[in-house]
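Each remark here refers to the structure printed beneath this line.
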Amino acid sequence: MAAAILDGKGLAERIRERLALEALEFRVKSGIVPGLSVVLVGDDPASRVYVRNKQNAVAAAGMHGDVVRLPVETSQADLLKLIDDLNADPAVHGILVQLPLPRQIDSRAVIERIDPLKDVDGFHPSNFGLLAQGNPRFVPCTPLGIIELLKDAEIETRGARVVVLGRSQVVGKPVALLLLQKGKGADATVTVCHTGTKDPAAIAREADIVIAAMGQPERVTADWIKPWAVVIDVGIHRKADGKLCGDVDFAGVSQVASRITPVPGGVGPMTVAMLLSNTLRAARLAAGVDDPHEEG
């Protein structure tokens, strides 16, 4: 029997509807409209699509979204000056600099310049450190979306063996740290495989949950997966025929796994939903208002 689909698109729509109501309630009580500024340097086609999707989602949630477009030749000094201005703007609660950046700009310097209280991408060392300590403030959006998918599907993570394929700052490391936290959607036993791992397929075959974030199209095949394991596919690639695929060979793996995320329609929509959640959280923090979803 083919694996059941983990519908990230449907869950993301429900979350966005809830966030729109919460943003309205926050606006009525505080007079504040949560604001997100997205900075796009250059004209990368994929980045343009991502930014447009984020802009549409922000508007639909009743938040204020602003896109600052800069030419590809923008200097690092000019970009840092813009970030300083956004940091100082009280109407801007979240700042997102779309990656990748042109080669003349040091991404690390840019990320570290963003006010940690406006870092809705969760990449600032301060926020990453809080996550590692077990006291997260802003968590990278894709890992946060993965955890929400697992929780919504009532997939048991406590004591589960989870294998994360990939150690990036964007997905692999933070999702591993989230799964190591205490509580629902966590308490897992986590192994992270990377380019230095010997025989990652053998390690993946031991997993109850596999999270594939390798950046390699259809690398994970059916022989990597234990029967009835849960598979989360973070990758997105465009094949020669124009069709999209992930890091997982969906056709083969879906015949082995119990549940699987599709590409598209799996993790991607959840990433945007979590960006909205982080932006509303940033506005609440700036206003000194408690988050109703904060665990005590």
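Here's the yes/no breakdown for (1) aliphatic (A, V, I, L, M); (2) in contact with a Leu (Cβ under 6 Å, 6 or more places away or on another chain); (3) loosely packed, with under 15 Cβ neighbours inside 10 Å; (4) in contact (Cβ under 8 Å) with a residue 24 or more places away in the chain:
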{"site": "K182", "(1), (2), (3), (4)": "no, no, yes, yes"}
{"site": "A186", "(1), (2), (3), (4)": "yes, yes, no, yes"}
{"site": "V190", "(1), (2), (3), (4)": "yes, yes, no, yes"}
{"site": "G196", "(1), (2), (3), (4)": "no, no, yes, no"}
{"site": "P200", "(1), (2), (3), (4)": "no, no, no, yes"}
{"site": "E206", "(1), (2), (3), (4)": "no, no, yes, yes"}
{"site": "P217", "(1), (2), (3), (4)": "no, no, no, yes"}
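The set of residues in the stretch 219-242 that are surrounded by 16 or more Cβ atoms within 10 Å (Cβ to Cβ) and of a type in the set (V, I, T) comprises V220, I225, V230, V231, I232, V234, I236.
Looking at the stretch 1-57, which of the residues that are among the hydroxyl-bearing types (S, T, Y) and open to solvent by 30 Å² or more (accessible area, probe 1.4 Å) is farthest from the chain's Cα centre (by Cα)? So, considering only residues that are among the hydroxyl-bearing types (S, T, Y) and open to solvent by 30 Å² or more (accessible area, probe 1.4 Å), the one farthest from the chain's Cα centre (by Cα) is S30. Give the residue that is farthest from P140 (Cα to Cα), with candidates limited to residues of the stretch 265-296 that are modelled with pLDDT of 95 or more and part of a loop (DSSP other than H, G, I, E, B). Ranking the candidates gives G265 first. Residues being over 20 Å from R27 (Cβ atoms), of a type in the set (A, V, I, L, M, F, W, C) and in contact with a helix residue (DSSP H, G or I) (Cβ under 8 Å, 6 or more places away or on another chain) are represented in the stretch 51-67 by at least one member.
Name the residue that is most open to solvent (accessible area, probe 1.4 Å), counting only residues in the stretch 58-70 that are free of Cβ contacts under 8 Å to residues at least 40 places away in the same chain and under 14 Å from L276 (Cα atoms).
If we take residues in the stretch 58-70 being free of Cβ contacts under 8 Å to residues at least 40 places away in the same chain and under 14 Å from L276 (Cα atoms), then H64 is most open to solvent (accessible area, probe 1.4 Å).
Scanning the stretch 247-264 for residues that are open to solvent by 20 Å² or more (accessible area, probe 1.4 Å), closer than 18 Å to I209 by Cα and either part of a loop (DSSP other than H, G, I, E, B) or at pLDDT below 95 (or both) yields D249, Q255, V256, S258, P262, V263.
The values are calculated or read from the model by the stated rules, or taken from the named source; none is laboratory data. Please read all numbers here as calculations on a predicted model, not as lab measurements. In this analysis, Cβ positions are derived from the backbone assuming ideal geometry, glycine residues included, and neighbour counts consider all displayed protein chains. Surface accessibility is based on the protein's heavy atoms, side chains included, excluding ligands, DNA and RNA. Shrake-Rupley method; radii C 1.70, N 1.55, O 1.52, S 1.80 Å.
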